[in-house]
Amino acid sequence: MPFYGPFSTGERSLSGGKPSSRSKTEIYQDLKVQLHKLLVAELGDRFTGGTGVSSEEVERVARTLVERHGGNLPRFEQQRLAEELVQEALGLGPITPFLEDPEISEIMVNGPHQVYVERKGKLELTPVTFRDDAHVLQIIERIVAPLGRRIDESVPMVDARLPDGSRVNAIIPPLSLNGPVLTIRKFSATPLTMEDLIRLGTLTPSMARFLEACVKARLNIVVSGGTGSGKTTLLNVLSSFIPPDERIITIEDAAELQLRQEHVVRLESRPPNIEGKGAVTIRDLVRNALRMRPDRIVVGEVRGGEALDMLQAMNTGHDGSLTTAHANSPRDLLSRLETMVLMAGMELPVRAIREQIASALDLIVHASRFKDGSRKVTHITEVQGMEGDVIVLQDLFLFRQTGVGPDGKVLGEFVCTGIRPRCAERLAAAGIELDGRLFAPSSW
């Protein structure tokens, strides 16, 4: 029986029936669902079992089915339908094109009928939708199942990652009132370099030279900032300056760092199983890393009691450690670290915690994301020790915003405070000589 496509005058289902008064979009979606079922049936167990089906074969079968059952569709609609069938079969459904778009850095699915993306640092609503809640949940399960994770009413939240390393978070009803919510932080196939950050205006060549010297001289550095400010990207760039002859151990919740050195051991935490057992936390991994003969420990982010273990590692001969933490400013970072140390369950006096922090940290690099979507290093701040009960900080480089241009671009300038860092002696002892003019305000 011939099929009358959704844009013909007599709209019928694949199996025949009376013409429908539904919208073209609804009929198109129904056609796609029915063709997807036919596609799965045509490929048989090889597809459902995940064995022996090439992408070329899936594309060939999808195009054949579209030509057979959607002959009344315009040619461009047939091509679009075939592409969407392949995306449903092999990719992540409607959001597959966003994963392939290099300009998009984040994908946010707020239930089936609202999908946002972050493009060049700014959010935009897309016309893409899912059929219903079950369609979104199907995509989420396709992501988490190969990783041995599960998501259902008993475990309604999950963190996972895609094969390319992109970070995924999903949360479903009853916790989410919008329906299943999926957030994907995309993983760049080609990591940004310091030259890229300079070109993008994230920092200046002088700041870059100073940070490179600090990493090579084994200073302990914390990258702070808010969500989406570029902390992990900056940490990745700083890690690239670690000499290739050193043993690096990275510790993350979801592996995102892309170190280019050869001698890298990557560790990843593990959530508890359905019985609430078997969890391996960042703190467990930090403690274990100390027994693995590390030259450098790089922690993707400290957000709890692992801060105490990280500080102790920095204070016991593991110089050159790097990590990130959420904070609104370098001074706020110190308060957050105090709180995180207390989360370890140790009843330590506040002064003892501050002495640990002041002794362990050498440099704080603070990043911010501005309203125009740009990301900049707004502070490079040196930790200079204790005065009484207060940790002394000294800003070395700053970004000062002066306004917003008519095109919405943030206006401002990077400035050097003109203060020579106390760590200059450590840099010299490591054989790194920096031009004194680097720290002169006139050098800008």
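Of the strands (runs of 3 or more DSSP E) lying entirely inside segment 222-302, those containing at least 1 residues that are in the same structural domain as Gly317 (by the TED database), under 25 Å from Met207 (Cα atoms) and in contact with a strand residue (DSSP E or B) (Cβ under 8 Å, 6 or more places away or on another chain) are 248-252, 296-299.
Given the criterion within 27 Å of Arg209 (Cβ to Cβ), of a type in the set (A, V, I, L, M, F, W, C) and in the same structural domain as Asp253 (by the TED database), identify the matching residue among Val341, Val350, Val392, Val404. Even if it seems obvious, please write down each step before you answer.
On the way: Val341 fails: within 27 Å of Arg209 (Cβ to Cβ); Val350 fails: within 27 Å of Arg209 (Cβ to Cβ); Val404 fails: within 27 Å of Arg209 (Cβ to Cβ).
The match here is Val392.
One residue alone among Val383, Val302, Val377 is at pLDDT 95 or above, within 19 Å of the chain's Cα centre (by Cα) and not aromatic (Phe, Trp, Tyr), and that residue is Val377. Filtered by the rule that a residue be surrounded by 15 or more Cβ atoms within 10 Å (Cβ to Cβ) and among the charged types (D, E, K, R), segment 170-197 gives Arg185, Lys186. Of everything listed in (1) touching a helix residue (DSSP H, G or I) at 6+ places or on another chain (Cβ under 8 Å); (2) assigned to a helix (DSSP H, G or I); (3) of a type outside the set (Val, Ile, Thr), the single unmet condition for Glu195 is (1). Among residues of segment 258-284 that are at positive phi, those with a beta-carbon under 7 Å from a residue that is in a loop (DSSP other than H, G, I, E, B) at least six positions away or on a different chain give the pairs Gly278/Pro272. Filter segment 252-299 down to residues that are among the polar types (S, T, N, Q) and more than 26 Å from Met194 (Cβ to Cβ) and give me whichever is nearest to the chain's Cα centre (by Cα). Restricting to residues being among the polar types (S, T, N, Q) and more than 26 Å from Met194 (Cβ to Cβ), the top hit is Ser269. Determine whether segment 253-266 contains at least one residue that is more than 16 Å from Thr232 (Cβ to Cβ) and basic (Lys, Arg). Within segment 253-266 (the criterion being more than 16 Å from Thr232 (Cβ to Cβ) and basic (Lys, Arg)), the answer is no, since none of the residues qualifies.
Across segment 371-391, what is the total count of residues that are farther than 14 Å from Arg422 by Cα and part of a strand (DSSP E or B)? Walk me through how you get there before you give the answer.
Of the residues in segment 371-391, the ones farther than 14 Å from Arg422 by Cα are 371-379, 387-391.
Then keep just the ones that are part of a strand (DSSP E or B); that gives 375-379, 387, 390-391.
Residues flagged as farther than 14 Å from Arg422 by Cα and part of a strand (DSSP E or B) within segment 371-391 amount to 8.
The set of residues from segment 102-121 being touching a strand residue (DSSP E or B) at 6+ places or on another chain (Cβ under 8 Å) and over 19 Å from Arg369 (Cβ atoms) comprises Val109, Asn110, Gly111, Gln114, Val115. If you go through segment 118-145 and keep only what is more than 17 Å from the chain's Cα centre (by Cα), free of Cβ contacts under 8 Å to residues at least 60 places away in the same chain and not in a helix (DSSP H, G or I), you end up with Glu124, Leu125, Thr126, Pro127, Val128, Thr129, Phe130, Asp132. Scanning segment 175-192 for residues that are over 17 Å from the mean Cα position of the chain (by Cα) and either of a type in the set (Ser, Thr, Tyr) or part of a strand (DSSP E or B) (or both) yields a single hit, Ser176. For segment 105-117, filtered to residues that are within 23 Å of Leu81 (Cβ to Cβ) and crowded, with 17+ Cβ neighbours inside 10 Å, the residue that is farthest from the chain's Cα centre (by Cα) is Pro112.
Give the residue, chosen from Ala424, Ala344, that is free of Cβ contacts under 8 Å to residues at least 24 places away in the same chain, out of contact with any strand residue (DSSP E or B) (no Cβ under 6 Å at 6 or more places or on another chain) and of a type outside the set (Lys, Arg). Show your work before the answer.
Working: Ala344 fails: free of Cβ contacts under 8 Å to residues at least 24 places away in the same chain.
Sole residue among the options that is free of Cβ contacts under 8 Å to residues at least 24 places away in the same chain, out of contact with any strand residue (DSSP E or B) (no Cβ under 6 Å at 6 or more places or on another chain) and of a type outside the set (Lys, Arg): Ala424.
Pairs linking a residue in segment 308-319 that is over 10 Å from Gln356 (Cβ atoms) to a residue that is surrounded by fewer than 16 Cβ atoms within 10 Å (Cβ to Cβ) and charged (D, E, K, R), with Cβ atoms under 6 Å and 6 or more positions apart or on different chains, are Asp309/Arg287.
Looking at this structure, is Ile357 among the hydrophobic types (A, V, I, L, M, F, W, C), in contact with an Asp or Glu (Cβ under 8 Å, 6 or more places away or on another chain) and on the phi < 0 side of the Ramachandran plot?
Values: among the hydrophobic types (A, V, I, L, M, F, W, C): yes; in contact with an Asp or Glu (Cβ under 8 Å, 6 or more places away or on another chain): yes; on the phi < 0 side of the Ramachandran plot: yes.
Yes.
What about Leu334, is it at pLDDT 95 or above and crowded, with 21+ Cβ neighbours inside 10 Å? Talk me through it step by step, then tell me what you get.
On the way: at pLDDT 95 or above: yes; crowded, with 21+ Cβ neighbours inside 10 Å: yes.
When the stated conditions are applied, Leu334 passes them.
The values are calculated or read from the model by the stated rules, or taken from the named source; none is laboratory data. As the structure is a prediction and not an experimental result, all values here were calculated from the model. Note: ideal-geometry Cβ built from the backbone for every residue, glycine included; neighbour counts use all protein chains shown.
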